[in-house]
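The values are calculated or read from the model by the stated rules, or taken from the named source; none is laboratory data. Because the structure is predicted, anything quoted here is derived from the model rather than measured. All Cβ positions, even for glycine, are placed from backbone atoms using ideal geometry, and neighbour counts span all protein chains on display.
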Amino acid sequence: MTLSDEARERLEDIVALQPTKNAELQDRWELDSGSEVHQYLESELKEYYYRNENSLICATEEAAALVGAETETEEGKRIVRLPELQAAILDAIAGPDDDPESVVSVLHSLQEAGLDPDVDDVRSGLRSLSDKGLCERVQRTVPTFRLAVSRDELAVEELD
């Protein structure tokens with residue numbers, strides 16, 4: 001199946017953001033609804049994506065190969081491609097052996113680093129990183145988060 005330039009770019013987004021949700025793709029693709037995302041996926045990229053056990057959108061191995069996505073550096077670090085805010089969260093959040101942090105604590109760390117994100121965007125970013133297995137949610141009275149993997153194991157590439 002030959003993909004249009006738009007379909008290939010969107011497939012690259014799926015490969016980079018996986019696992020992801022309709023809402024994340026809706027924002028990235030500037031669509032009006034999650035239904036439009038679903039329709040596009042089914043009509044243009046059906047062969048290249050699937051939904052995992054949590055109903056998150058994932059790319060097939062064929063999709064990753066088609067767009068030439070590298071998954072590991074020569075040093076063996078896992079390559080993760082993240083939007084700017086998620087990359088900043090990954091830098092700011094507590095390490096895997098540290099006490100977990102609340103959303104507000106992460107927000108303050110980001111503000112100290114010169115960013116000014118909305119608290120809801122930070123919460124959403126933390127959940128997305130948790131979905132990707134990069135941070136873990138520690139359930140307490142208030143949900144807290146920390147890295148699930150060592151920073152040394154990752155090579156973060158920011159998405160445009």
The one condition Gly76 fails out of (1) exposed (fewer than 14 other Cβ atoms within 10 Å of the Cβ); (2) of a type in the set (Gly, Ala, Ser); (3) in a helix (DSSP H, G or I) is (3)
Which one of the conditions (1) at pLDDT 95 or above; (2) over 19 Å from Phe145 (Cα atoms); (3) out of contact with any Asp or Glu (no Cβ under 9 Å at 6 or more places or on another chain) does Val106 fail to meet, given that it meets all the rest?
(2)
Note on segment 52-71: residues out of contact with any Pro (no Cβ under 8 Å at 6 or more places or on another chain) and more than 22 Å from Leu159 (Cα to Cα) are Glu53, Ser55
Looking only at segment 46-59, decide whether some residue is β-branched (Val, Ile, Thr), touching a residue at least 12 places away in the same chain (Cβ under 8 Å), surrounded by fewer than 18 Cβ atoms within 10 Å (Cβ to Cβ) and touching a strand residue (DSSP E or B) at 6+ places or on another chain (Cβ under 7 Å).
no
Among the residues in segment 1-23, are any hydroxyl-bearing (Ser, Thr, Tyr) and within 22 Å of Leu134 (Cα to Cα)?
yes
Looking at segment 51-65, which of its residues are assigned to a helix (DSSP H, G or I) and either aromatic (Phe, Trp, Tyr) or at pLDDT below 90 (or both)?
Glu61, Ala64, Ala65
Give me a count of the residues in segment 4-35 that are surrounded by 15 or more Cβ atoms within 10 Å (Cβ to Cβ) and over 26 Å from Arg78 (Cβ atoms).
3
